[in-house]
Amino acid sequence: MRPMINAVELFIGLRYLRAKRRTRFVSFISGISLAGIALGVAALIVILSVMNGFEGELRSRLLSMTAHGYLTGEDGSVSDWRSLRDTMLAEEGLVAAAPYVAIEGMVRTGRGLRGVLVNGISPEFEKAVLGRTINFVVGDLDVLQAGSNSIVLGRLLALDLNVHIGDGVVLLMPRPAAGGTLQPVLERFIVRGVFEAGVQNHDASLALVHIDDAARMMSFDDEVTAVRFLAADVMAAPVIAGRLQEKLGDDFRASDWTIENASYFRAIRIEKMMMSLLLSLIIGVAAFNIVASLVMVVTDKTGDIAILRTLGMGPNGVIRIFFVQGVIIGWLGVFLGVVTGIVLAINVPVLVPALEQFFGFQIMPGDVYYVTRIPSILEAEDVTIIAVAAFILTSLATLYPARRAALVDPAIALRYE
């Protein structure tokens, strides 16, 4: 079977890549095209890796104070939570479950009132769900003892209230009363710990108390708001929540972290898409440079093309000659860009501090951002998609110049030779 590109076509195509005195400008344009493709591919890989790193950092921080999913009744509460917890633990892929009571209210000190979300938790069960991920500045889950009225505050909330360990705060909670009204309940708690999740919503408005203290304030008998769970694989949480919903029916409502924090990750996906589109313009400009350089080569080599045609080479052979030239420029640029991008993406945590030290400034100062380092997660899928897309784009860029070369009329081209 005849090869798609024969040795003569490959030889001539490679020959045309070499710069001669009268074609050095064309070769310079080709070099710019190669560098532009490499730069665009490398930039795309690095930027997407950094965005993946920020997405992973956000996910870990959000899940530091949030379980992978939860189940609650259709009325927003669970009465027989122990039975529900046993059912959940029997589900494959689910490793821990814990009840909690969620209350929205106010916290008061001598300096004023602040809105707060209080989570009543059971330290015994909560240690298996969130105990390994909560970052305590002071204290731990064991400071929450039933009947002790101990409270653990988020770091920003504690700073805003200007309270320290051992100080007292008053919780003001609305409790349902007869006739569908709300009755305000006030109770004094002692600050026993401070945590830092690294997420504004948690650090500035979340407080933890013992589940028995929260239930007593709200006059719950044995009810809880929901039972949350921890999955062996965080990415499998939506599947587990779906299976639990199907098993338990419409009397319960299942949710997971991808639903509860959908807005955060939707914003990151939009940013990744926009950054990809913007950086793809670099590759697009470089592809147009390939078109321009090949058109100039075709114009310069019109006589050579005519001679090849008179010697018996068909139009398709001419197309393949210039296809070889353009594809080598494009594919070499893609290869160099992929290698450069992978190396840079892997070494971002090392390169960024070195650049900060060299230029004498910090890209993400700790007093402004929660994340003070630039994270990077290189994913093979991103590299593959970028490389394949760049390969296709640069290959398509060669079609017009190659087709134009094939349309050269030997008689007209050699008339004045």
Listed by range, strands (runs of 3 or more DSSP E) wholly within the stretch 174-256 having at least 3 residues that are charged (D, E, K, R) and under 24 Å from the mean Cα position of the chain (by Cα) are none
Can you tell which of Thr384, Thr398, Thr340 is out of contact with any Leu (no Cβ under 7 Å at 6 or more places or on another chain), buried (at least 16 other Cβ atoms within 10 Å of the Cβ) and either modelled with pLDDT under 70 or within 26 Å of Ile32 (Cα to Cα) (or both)? Thr340
For the stretch 401-417: of the residues being of a type in the set (A, V, I, L, M, F, W, C) and part of a helix (DSSP H, G or I), which is modelled with the lowest pLDDT? Ala413
Is there a residue in the stretch 271-280 that is polar (S, T, N, Q), over 16 Å from the mean Cα position of the chain (by Cα) and in the same structural domain as Val95 (by TED's automatic domain parsing)? no
Determine which member of the set Leu311, Leu294 is in contact with a Phe, Trp or Tyr (Cβ under 8 Å, 6 or more places away or on another chain), at pLDDT below 75 and of a type outside the set (Phe, Trp, Tyr). Leu294
Given the options Ser122, Ser148, name the one that is among the hydroxyl-bearing types (Ser, Thr, Tyr), surrounded by fewer than 17 Cβ atoms within 10 Å (Cβ to Cβ) and in contact (Cβ under 8 Å) with a residue 60 or more places away in the chain. Ser148
Just to be sure before I move on: is Val191 more than 15 Å from Asn119 (Cβ to Cβ), surrounded by fewer than 15 Cβ atoms within 10 Å (Cβ to Cβ) and touching a residue at least 24 places away in the same chain (Cβ under 8 Å) in the structure I sent? no
Examine the stretch 360-377 for a residue that is at pLDDT 75 or above and assigned to a helix (DSSP H, G or I), and state whether such a residue exists. no
Among the residues of the stretch 79-99, which ones are surrounded by fewer than 14 Cβ atoms within 10 Å (Cβ to Cβ) and among the charged types (D, E, K, R)? Asp80, Arg82, Asp86, Glu92
Could you tell me how many of the residues in the stretch 260-280 are free of Cβ contacts under 8 Å to residues at least 40 places away in the same chain and hydrophobic (A, V, I, L, M, F, W, C)? 7
Could you say whether any residue in the stretch 22-37 is basic (Lys, Arg) and modelled with pLDDT under 75? yes
Extreme residue, nearest to the chain's Cα centre (by Cα), among residues of the stretch 27-78 that are outside any helix (DSSP H, G or I) and surrounded by fewer than 19 Cβ atoms within 10 Å (Cβ to Cβ): Ser64
Answer yes or no: is there a residue in the stretch 128-147 that is closer than 27 Å to Ser60 by Cβ, at pLDDT below 85 and among the hydroxyl-bearing types (Ser, Thr, Tyr). yes
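The values are calculated or read from the model by the stated rules, or taken from the named source; none is laboratory data. Worth saying up front: this structure is predicted, and the values here are computed from it rather than measured. Every residue, glycine among them, receives a Cβ derived from its backbone with ideal geometry; neighbour counts consider all protein chains shown.
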